[in-house]
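The values are calculated or read from the model by the stated rules, or taken from the named source; none is laboratory data. Small disclaimer: the values here were computed from a predicted structure and weren't measured. Counting neighbours? That spans all protein chains shown, and the Cβs are built from the backbone with ideal geometry, glycine included. Quick note on the areas: whole protein, heavy atoms, side chains included, nothing else; ligands and nucleic acids left out. Shrake-Rupley method; radii C 1.70, N 1.55, O 1.52, S 1.80 Å.
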Amino acid sequence: MYLALRDLLVARGRFALVGAVIALVSLLAGLLSGMATGLVDDGISGLRRLPLTHVAFQEGSGSEFSRSSLGPDQLAAWQDRLGDDAAPVGLSFFNARTPDGATVDLALLGTPPGSFLAADERGDDALEAGGLVLSDAFADEGIEIGDELTVVGPDITLPVLGFTYGGSYGHVSIAFTSLETWQNLVYGENHRDRFNAVALRDPGGVDLAAIAEQNGMDLYTKAGAYDGSPGFAAESATMSLIRTFLVVISALVVGAFFTVWTVQRTHQIGLLKALGASTTYVVRDALGQLAIILATATALGMVVAVGAGSLIGGEVPFRLEAGSLISSAALLIVAGMLGSLVALRRITRVDPALALTSQP
Amino acid sequence: MTLQLQDINVTVADGPDRLTILDGTTLAVGPGELIAVTGVSGSGKSTLVAVSGLLRRPDQGQVLIDGEDLSDAPDRRRATVRRDHIGLIFQSANLFPSLTSIQQLELVAHLDGKITTDDRDQLDTVGLSDRLHHRPGQLSGGERQRVAIARALMGNPSVVLADEPTAALDDARGREIMALLAELTTTRQTATVVVTHAPHQLHDPDHALRLAEGALHPTTDRDAAPL
Ligand SMILES: Nc1ncnc2c1ncn2[C@@H]1O[C@H](COP(=O)(O)OP(=O)(O)OP(=O)(O)O)[C@@H](O)[C@H]1O
Ligand SMILES: [Mg+2]
C-alpha cells in the first residue's frame, strides 16, 4: 500500500470530498437506525421490560391483547403446572383527565398484587390499594404522587400512588393497576373474572405449548408477542426497508466513486504494472485505499449520528445501541466493498503497455 | 546475449484487416552494449520497446531475457522479470504525481522486497542529490527524466529500455540525458536500447538501427534519420 497511502495524504482534498459523501450516508444510516430502534422500542418497551418469558393468548387472537379474552379455567390450567410463574394480565388503552383538566393516554396494565409481574414492593402496596403506578414518562407531564386521574368512559377516579420505569406499549406509556381495578374499568359489572392473557415465566422442563393447545390458547415468546403491539409489524417492516435502501444506495455511491477513481488512475495502474507490480499487488493497493476511506468516513458519520441523537433524544424516540451501530457500520462497509467489485475487474484488465503512451 | 528478439511478429486490428507492425524483427543486445533505434513516426518503435519490455506479447517469435524465453510465460512471471531484470524509461518521465523523487525509487524497492540498492546513491548517480524531497510538479523536465532513469536502475536491471527519453527536452538537456544513459550502460553493464528521434544527441552508440517496414536495418548516417 506504499502508493495508496501517499496518494491519500497528497490528494487529501479529493478524498475528503468522497469521504464526506460516505460519511453523510453513514450519518443518515446511524440516525435512521436510532430512530427505527427508538420508534420500534416505543411500541414494545413496556412489554420487553416485564420479567416474563412467554405470553398465552386466546386461540386465534394473534398476540393482540385487545382481541384476546381468557377466563379462570385457563389460568388454572397454567397455575396447576407453573404455580406463581403464571399471572393473568389485562392491557387496554384509556384516556384520563388530570386534576388541571389535561388529558393523557394510558396503556393500563392490570395484574394481581403479588404476581410476579408486580414483584416490586412499593408497586404491590399501590396495586393492593387500587391505585395507579405510573411510568416515569407521566412525571414529565407534571403528574405527581397523590394526584387523582379520572379515567374517561367509566369515569372512575384513581389515585396516583407511585412511579416506576414502566416503558410503553403501542406508543402509549404504561400505567400499572390491580387486575381487579382493570376489570372494573373494562367490564363494569359483567364478566368480572375475565382478562386478556396469561404472562408466563418458563421454569424449564414443562411443555408450555402442549398446555396452551389443550386449553384453547396460542403461546407466544416475549419477542413473538411484540407483533401484537399496534403498528409494530408495519413499523418494523418500513424501517428495515429504509435501511435496506440505504445500504444499497451506499453500495452504489461507493461503487460509482471507485469506478470513476479507477478510470482516472488507469494510466498510473498501467505504470505500476509496467514497473513490475503484480495484479494482486495493484488490487490490494486499490482496495486498501478504499477500505481506509470507507472505514474512516463511516466511523465519522456514526460518531456524528451518536452526537446528533443525544440532541434530538428528547423530542423523538431515539435509541442507539453499540451493537446496532457497529452492525450498521459494518454493513455499510461491506456494501461499499461489494459495490467496488465492478471497478476491480477494470483494474485487473489494465494494460501495462499503457505506460508507453503519453499521459492523458 | 542479455536481450534477444527472434522473428518477432506483431499485428493489430485495422478495421476488418490486420495491420503488421513488426514483421520478423530480430535483435540481440549484450551487457554494456547500447543500441540506438530510429524510425519514422508510426513505424513501430514503441511497439518494439513494449515487446522487449514484456509489456506486450508478440503474435509470433521469442523474447529472451538473460536466456529465458518469456514470450509465452504467464503474466505473473513476466511481471516478476519486469520488476527484477528490466528498467523502463518513458517519453514523458511518467512519475507518480504524489511521490517525491526518493519515494519514486522506494516504491520500486517496495514492489520487490529484496532490493538492496540505496535510493540516495541512485539519485546521486544521476546528479539529483539535492532534489530528493521534491514532487514531479516541482522538478524540471530534465530533472524528472533523471529521476525516471534512477528509478529504472533500481534493483540493477540487466536490460534498460528507453522510449524517446529526450523527446520532451531541449537539445542540450537531451544530450546530457543521452550521455548519462551511455555512461550508465558502461558502468552498470546493462543491455540498453534507446529509441530516439534525435540520434545526433547520442555520440557513440554501439549500433544505430532504423526500424522500417517492421524490420531493423543498420544505418550509417545517423543524422539522416527522418524526424
Ligand atoms: N493497440 C493498438 N491498436 C491499434 N493500432 C496500434 C496499437 N498500438 C500501436 N498501433 C499502431 O501501430 C503503429 C506503430 O505504433 P508505435 O507506437 O509503435 O509507433 P512509433 O514508432 O513508436 O511511433 P512514434 O514515433 O510516433 O512514437 C502505429 O501505426 C499505431 O497506430
Ligand atoms: Mg512511440
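I need the shape label for segment A:189-298. Rule: rounded when a/c is under 1.5, else prolate if a/b > b/c, else oblate, with a, b, c from the alpha carbon gyration tensor. Taking the square roots of the gyration eigenvalues as a ≥ b ≥ c, segment A:189-298 is prolate.
Report the FRET efficiency, 1/(1 + (r/R0)^6), for A:Glu144 and A:Val316, where r is their Cβ-Cβ distance and R0 is 30 Å, rounded to 0.05.
Values: r = 26 Å, r/R0 = 0.87.
Result of the calculation: an efficiency of 0.70.
Of all DSSP beta bridges located in the protein assembly as shown, what percent are antiparallel, nearest 5?
Numbers: 53 of 78 bridges.
Roughly 70 percent of the DSSP beta bridges within the protein assembly as shown come out antiparallel.
The listed residues B:Glu143, A:Glu148, A:Glu128 rank as A:Glu128, A:Glu148, B:Glu143 when sorted by accessible area, largest first, using a 1.4 Å probe. Looking at chain B, the accessible area is 42 square angstrom per residue; that uses a 1.4 Å probe and ignores ligands, DNA and RNA.
Is the C-alpha gyration tensor of segment A:46-94 telling us rounded, prolate or oblate? Criteria: a/c under 1.5 is rounded; beyond that, a/b larger than b/c is prolate, otherwise oblate. Mind showing how you got there, number by number?
Details: a/c = 1.88, a/b = 1.24, b/c = 1.52.
It comes out oblate by the Cα gyration axes.
Surface listing: A:Met1, B:Met1 arranged by accessible area from highest to lowest gives B:Met1, A:Met1, probe 1.4 Å.
Here the contact order of segment B:116-227, divided by its residue count and restricted to Cα pairs under 8 Å and six or more residues apart, works out to 21 percent.
Across B:His217, B:His203, B:His85, mean-square fluctuation computed from a Gaussian network of chain B (C-alpha pairs under 10 Å connected) peaks at B:His203.
For chain B, modelled as a GNM whose springs connect Cα atoms under 10 angstrom apart, the maximal fluctuation among B:Gly142, B:Gly42, B:Gly53 occurs at B:Gly42. Other protein chain C-beta atoms within 10 Å of residue C-beta, averaged over B:84-97: 4. The equivalent ellipsoid that matches the C-alpha gyration tensor of chain B spans semi-axes of 27, 21, 16 angstrom, in descending order. Taking the Cα atoms only, what angle lies between the long axis of helix B:141-152 and the longest principal axis of chain B, rounded to 10 degrees? Result, in degrees: 80.
For segment B:76-168, what % of the accessible area comes from carbon and sulfur atoms, probe 1.4 Å?
Details: 1380 of 3330 Å².
Roughly 41 percent, rounded to a whole number.
Roughly how many percent of the accessible protein surface of segment A:47-228 is carbon and sulfur, given a 1.4 Å probe and a whole-percent answer? Show your work: numbers first, answer last.
Working: 3550 of 8070 Å².
Ligands and nucleic acids excluded, carbon and sulfur give 44 percent.
For segment A:47-228, the spherically averaged projection of the C-alpha convex hull amounts to 9.6 nm².
Once backbone amide H atoms are built at 1.01 Å from N, A:Leu149 has A:Leu158, A:Val160 as its partners under 5 Å, excluding neighbours fewer than 5 places away on the same chain. Taken over the alpha carbons of segment B:121-180 as equal point scatterers, the Debye sum produces base-10 log I(q)/I(0) values at 0.13, 0.15, 0.16, 0.27 Å⁻¹ of -0.32, -0.43, -0.49, -1.28. Computed from protein heavy atoms with a 1.4 Å probe, the total accessible area buried between B and A is close to 2300 Å². So what's the back-of-envelope 222 nm ellipticity for the protein assembly as shown, counting only DSSP H runs of four-plus at -39500 (n - 2.57) apiece and dividing by all residues, rounded to 500? Computed mean residue ellipticity for the protein assembly as shown: -14500 deg cm²/dmol. Only protein heavy atoms count here; on that basis, with a 1.4 Å probe, B:Arg57 has an accessible area of about 90 Å².
Can you work out the accessible area per residue across segment A:47-228, with the rest of the protein chains kept in place, probe 1.4 Å, in square angstrom? Spell out each step's value before the answer.
Details: 8070 Å² over 182 residues.
Using a 1.4 Å probe on heavy atoms only, each residue of segment A:47-228 averages 44 Å².
With 0.36 nm allotted per residue and the present C-alpha distance subtracted, the A:Ser327-A:Tyr165 stretch has 55.5 nm of extension available.
I want to verify a result. In a Gaussian network model of chain B, Cα cutoff 10 Å, which of these has the top mean-square fluctuation: B:His207, B:His110, B:His134? Largest GNM mean-square fluctuation: B:His110. The stretch between A:Val334 and A:Val10 holds 114.0 nm of extra length on full extension. This uses 0.36 nm per residue minus the Cα-Cα distance. Relative to the longest principal axis of the Cα atoms of chain A, the long axis of helix A:232-274 lies at roughly 10 degrees.
Computed 3J(HN,Hα) for segment A:345-350, one whole-Hz value per residue from the Karplus formula 6.51 cos²θ - 1.76 cosθ + 1.60 where θ = phi - 60°, is 4, 4, 4, 5, 9, 4, glycine and proline marked x.
The alpha-carbon positions of segment A:222-360 define a convex hull whose volume is 137 Å³ per residue. Note on segment B:72-125: percent of Cα-Cα distances in each 10 Å bin, starting at 0 and stopping at the bin with the largest distance, equals 20, 50, 27, 4.
For peptide B:48-54, how many partner chain Cβ atoms fall within 10 Å of a residue's Cβ, on average? Display every interim value, and only then the final one.
On the way: counts 0, 2, 8, 1, 0, 5, 4.
Average per residue, whole number: 3.
The coefficient of translational diffusion for the protein assembly as shown, derived via Stokes-Einstein from the alpha carbon Kirkwood radius under 37 °C and 0.692 mPa s, stands at 108 µm²/s. Modelled label positions at A:Ile292 and A:Arg243, each set 7 Å beyond Cα in the direction of Cβ, lie 3.1 nm from each other. Relative to the longest principal axis of the Cα atoms of chain B, the long axis of helix B:171-188 lies at roughly 90 degrees. Scalar couplings 3J(HN,Hα) for segment A:159-170, obtained by applying the Karplus form with A = 6.51, B = -1.76, C = 1.60 to θ = phi - 60°, are x, 8, 10, x, 10, 8, 7, x, x, 9, 9, x Hz; x denotes Gly and Pro.
Calculate I(q)/I(0) for segment A:149-207 by the Debye formula, one identical point scatterer on each C-alpha and no solvent, and give its log10 at q = 0.12, 0.27, 0.28 Å⁻¹ to two decimals. Calculated log10 I(q)/I(0) at the listed q: -0.43, -1.27, -1.28.
What is the ratio of the Cα radius of gyration of segment A:283-360 to 2.2 N^0.38 Å, with N the residue count, to two decimals?
Numbers: Rg = 18.9 Å, N = 78, 2.2 N^0.38 = 11.5 Å.
Relative to the rule-of-thumb radius for its length, segment A:283-360 sits at 1.64.
For the segment A:2-11, counting C-beta atoms of other chains within 10 Å of every residue's C-beta and taking the mean gives 4.
Taking A:Tyr220, A:Tyr281 and ordering them by how much accessible surface each has at a 1.4 Å probe, largest first, produces A:Tyr220, A:Tyr281.
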